[in-house]
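The values are calculated or read from the model by the stated rules, or taken from the named source; none is laboratory data. Everything numeric in this text was worked out from a predicted model, so none of it was measured. Methodologically, a virtual Cβ is constructed for each residue, glycine included, from the backbone with ideal geometry; neighbour enumeration extends over all protein chains shown. Just so you know, the surface numbers come from the protein's heavy atoms only, side chains and all, with ligands and any DNA or RNA stripped out. Shrake-Rupley method; radii C 1.70, N 1.55, O 1.52, S 1.80 Å.
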Amino acid sequence: MLLTEIYLRILYFYPKHIERMKVEFTDDIYMKAALLEAIKGKDKGEVPVGAVVVCDNRIIARGHNLTETLNDPTAHAEMQAITAASSFLGGKYLDKCSLYVTLEPCTMCAGALFWSRIGRLVYGADDEKRGYTLNKNSVLHKKTTVVKGVLEKECRGIISDFFKTRRQNLTG
């Protein structure tokens with residue numbers, strides 16, 4: 001088992017113990033947690049996009065796509081994570097938080113990130129068809145910082161494998 005996987009398990013099952021450990025958490029570790037969420041969605045037949053919200057080096061919310069499960073076109077991973085984080089914090093503003101998501105958010109999700117005033121957005125793979133960066137106007141809050149390309153190969157791989165399998169099932 002990789003050391004980062006051990007840290008992720010500790011972070012998930014024993015978050016209070018992390019405060020006592022001298023561990024340097026990186027974007028890669030949190031993106032791996034988002035990838036685990038994407039796998040949960042994939043296992044439910046959802047498009048495998050996962051998201052986690054981090055505040056003070058602690059994952060406070062998780063989400064994966066639930067659009068098929070809930071029959072709700074707005075049930076994207078980011079929306080699930082934003083709602084859970086706001087509930088956890090008891091307020092709508094997430095300005096001291098970071099959202100890690102495996103795929104570039106769509107314009108709808110970027111709008112929600114704007115209204116939540118997310119402090120930092122970190123995503124893995126670009127979404128060339130529906131990503132918010134296709135919009136000519138800036139959709140995110142002016143104070144939101146963006147990091148892209150974290151574990152891009154892994155994030156892109158899970159999406160492309162999902163659709164490749166789906167196409168094969170439809171034709172075969």
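Please tell me if Ser138 is more than 17 Å from His64 (Cα to Cα) and buried (at least 21 other Cβ atoms within 10 Å of the Cβ). Spell out how you get there, then give the answer.
On the way: more than 17 Å from His64 (Cα to Cα): yes; buried (at least 21 other Cβ atoms within 10 Å of the Cβ): no.
Judged against the criteria, Ser138 is not a match.
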#### Entry: Extreme residue, least open to solvent (accessible area, probe 1.4 Å), among residues of the stretch 45-70 that are over 14 Å from Arg166 (Cβ atoms) and assigned to a loop (DSSP other than H, G, I, E, B)
Val49
### Message
Pairs needed: first member in the stretch 28-49, free of Cβ contacts under 8 Å to residues at least 60 places away in the same chain; second member anywhere, open to solvent by 60 Å² or more (accessible area, probe 1.4 Å) and of a type in the set (Val, Ile, Thr); C-beta distance under 7 Å; at least 6 residues apart or different chains.
### Response
Lys44/Thr69; Glu46/Thr69
### Query
Out of curiosity, is Lys143 touching a residue at least 40 places away in the same chain (Cβ under 8 Å), open to solvent by 20 Å² or more (accessible area, probe 1.4 Å) and not hydrophobic (A, V, I, L, M, F, W, C)?
yes
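Look at Lys148 and say whether it is surrounded by fewer than 16 Cβ atoms within 10 Å (Cβ to Cβ), of a type in the set (D, E, K, R) and over 13 Å from the mean Cα position of the chain (by Cα).
Details: surrounded by fewer than 16 Cβ atoms within 10 Å (Cβ to Cβ): yes; of a type in the set (D, E, K, R): yes; over 13 Å from the mean Cα position of the chain (by Cα): no.
Against the criterion (surrounded by fewer than 16 Cβ atoms within 10 Å (Cβ to Cβ), of a type in the set (D, E, K, R) and over 13 Å from the mean Cα position of the chain (by Cα)), Lys148 does not qualify.
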### Query
What tally of residues in the stretch 30-44 results from selecting those that are aliphatic (A, V, I, L, M) and either open to solvent by 40 Å² or more (accessible area, probe 1.4 Å) or at pLDDT below 95 (or both)?
2
#### Entry: Any chance Thr171 is of a type in the set (Val, Ile, Thr), farther than 22 Å from Lys96 by Cβ and at pLDDT below 90
yes
### Query
Out of curiosity, is Lys129 open to solvent by 20 Å² or more (accessible area, probe 1.4 Å), of a type in the set (Lys, Arg) and in contact with a Leu (Cβ under 9 Å, 6 or more places away or on another chain)?
no
